[in-house]
Amino acid sequence: RVPVVDVQSDNFTELWPSMVLALRTATFVAVDTLCSMELPLAFLSTPYDRCSHITLHTLPLQSDNTYLCQVYNLTLLCTEDYIIEPQSVQFLVQHGFDFNKQYSQGIPYHKGNDKGNENQSQSVRTFFLELIRAKKPLILHNGLIDLVFLYQCFYAHLPDSLCTFTADLSEMFPAGIYDTKYASEFETRFIASYLEYAYKKCKRENCKLKDSSSQHLTVEFCNYPTSMSHYIDYRHCSLEEESRNVGEGNKVSVCEKFSAYGWCPKGVKCPQSHNIDLIIDEDDKLWEEKRKKRKHKWKRRKNMECPTKAFGQESSGKEMELAQNGEEGPPRKQGCYGPAAAMELAEITPNKGKSKVPAGVGSVNHPDSPETEAACAAEKETHGPPSQGGTHRAGFDAFMTGYIMAYVWMLKKGKNMDTGAGPWLPECHNKLYLSGKSVPLHIAKSLFSKSSKAHSQKMKLAWAS
């Protein structure tokens, strides 16, 4: 069970010390946002850094891959007028969002620059400054829109240019920004990279490592006192969904749209399966069959080559990879990436991102992208159909994001525990996923970009206090 601490206006002051302590002692912080209204955070730290009383697991080699995780879900309420579409309200209600709770107990915040001397109060804006002061790696999933939201709502007015925005971010988070969607596609090379798929895939692979007594990831949680039980939501997270066997018995086919995007326009009315475990099983089976066929073809081609070409010496590792994967870049689901599917998603999906995406930001999604902007928004903000399982819930998304990155980091560092003075995870350091593009958005300050004036003032404020 994953405990999610629900933070709202009536317990924000009470939980403030524990949240700030979690920030300052974390190994990294995972953040996810939902429709400008909820801010889930997950703090993961190694037992050495976080709590001395946490029990370490058996092998010394595995102790550095054991994390204590704290998950907080902040329910927020913008104090300024904002517009929300009826379709968005209906969608959120269908997926369990409690508007009564938001308007009665939401933590107030305002957008843009500071108003007066706000750095002395316990507010969401001050808490965001604590996140900056902590200098921890920031983990997101498909995180460009999340960063825009965090900057605009808790930091300052958005800069006029993307170059200035990325320059500001590079100084705000010197330990680096990491995108688990980018890591899922270009590092672990998963067939699909939407959040729940990547999380389930990492968890299944991690269990295989554990069963083989190999280096694996272990996550532990705090034992919260009974006095906190009324605002802790425990989320059950089994390795495989209970509906999996039922689906196999009834031979329900997998929904191709949900399999590719993690979202389906028919929702709970879809007659096909949205079970992530079934989807991963099917993907693994098909991918293994394709890999064997391509490898066989590659061997046949190699044997037919003329010896004078010295094929074996000239063949690169990349060619072998192409022989096994059949394509450059991350593996793709081909069934739902055609124009027709993209158009259907764009037409049916309500634009739920308007309340948190300022004008102009959507331009990073180019028209030739196989996933439309609406489809990307659906992945960021939709929750799996309740009647068909799914682990998407408020607050839990941040945990899944953090788990993915912890798993990827474990794979990349391997047995070499000396990370040195360089970036925490160099392959994914300051790289944000861009839909349909083979190259990420780099978070960096170039010679041709300057930091914004508002950012410079905020940084002085952060370190002066």
Applying the Karplus parametrisation 6.51 cos²θ - 1.76 cosθ + 1.60 with θ = phi - 60° to the phi angles of region 119-124, what ³J(HN,Hα) value in whole Hz is obtained for each residue in order, glycine and proline being reported as x? 6, 8, 9, 8, 9, 5
Amide H neighbours of SER273 under 5 Å, at least 5 residues apart or on other chains, H built in the peptide plane: list them. SER253, VAL254, CYS255
If R₀ is 41 angstrom, what is the calculated FRET efficiency for the pair GLU282 and LYS437, using the beta carbon separation as r and rounding to 0.05? 0.95
For the pair ARG294 and HIS230, how long in nm is the line joining their label points, each one 7 Å along Cα→Cβ? 5.7
Please compute the modelled spin-label separation between HIS110 and LYS460, points set 7 Å along Cα→Cβ, answer in nm with one decimal. 2.1
Is the shape of region 192-241 best called rounded, prolate or oblate, per the rule: a/c under 1.5 gives rounded, else a/b larger than b/c gives prolate, else oblate, with a ≥ b ≥ c the square roots of the Cα gyration tensor eigenvalues? oblate
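Using a Förster distance of 35 Å, how high is the FRET efficiency between ASN100 and SER446, based on the Cβ-Cβ distance and rounded to 0.05? Before the final figure, lay out the partial values.
Details: r = 47 Å, r/R0 = 1.34.
For R0 = 35 Å, the calculated efficiency reads 0.15.
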Distant-in-sequence amide H partners of VAL219 (H built 1.01 Å from N, under 5 Å): TYR67
I'd like the Karplus ³J(HN,Hα) series for region 174-189: coefficients 6.51, -1.76, 1.60, θ = phi - 60°, whole numbers in Hz, and an x wherever there's a Gly or Pro. x, 7, x, 10, 10, 10, 6, 6, 4, 5, 5, 8, 9, 10, 7, 6
So the FRET efficiency between GLU118 and SER9, C-beta based with R0 = 25 Å and rounded to 0.05, is 0.90
If the chain between ALA175 and VAL89 were fully stretched, how many nm would it gain, using 0.36 nm times the residue separation less the Cα-Cα distance? 27.3 nm
Which listed pairs, of LYS295/LYS413; LYS181/LYS257; LYS302/LYS431; LYS181/LYS413; LYS201/LYS293; LYS257/LYS285, have C-alpha distances above 25 Å, in listed order: LYS295/LYS413; LYS302/LYS431
Go through region 266-282 residue by residue and turn each phi into a ³J(HN,Hα) via Karplus (6.51, -1.76, 1.60, θ = phi - 60°); whole Hz please, and just put x for glycine and proline. 7, x, 5, 7, 5, x, 9, 7, 10, 6, 4, 5, 5, 4, 5, 4, 5
How about region 90-163: which trypsin sites (Lys or Arg not before Pro) there lie in a loop by DSSP and see at most 15 other Cβ atoms within 10 Å? LYS115, LYS135
Taking a probe of 1.4 Å and leaving out DNA, RNA and ligands, region 66-136 shows per residue an accessible area in Å² of 46
Whole-percent carbon and sulfur contribution to the accessible surface of region 153-238 (1.4 Å, no ligands, DNA or RNA) stands at 50
Using modelled backbone amide H atoms (1.01 Å from N, in-plane), which distant-in-sequence or interchain residues come within less than 5 Å of VAL7's amide H? ASN73, LEU74, THR75
Ignoring any ligand, DNA or RNA, what whole percent of the accessible area of region 249-303 comes from carbon and sulfur when the probe is 1.4 angstrom? 48
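Shape call for region 68-167 from the C-alpha gyration tensor, a ≥ b ≥ c root eigenvalues: rounded (a/c under 1.5), prolate (a/b greater than b/c) or oblate? Present the calculation step by step, with values, prior to reporting the outcome.
Values: a/c = 1.40, a/b = 1.37, b/c = 1.02.
Rounded is the answer for region 68-167, as its axis ratio a/c remains below 1.5.
The values are calculated or read from the model by the stated rules, or taken from the named source; none is laboratory data. Keep in mind that this is a model prediction, so the values were computed, not measured. All Cβ positions, glycine included, derive from the backbone under ideal geometry; neighbour counts span all protein chains shown. Just the protein is used for accessible areas: all its heavy atoms, side chains included, with ligands, DNA and RNA removed. Shrake-Rupley method; radii C 1.70, N 1.55, O 1.52, S 1.80 Å.
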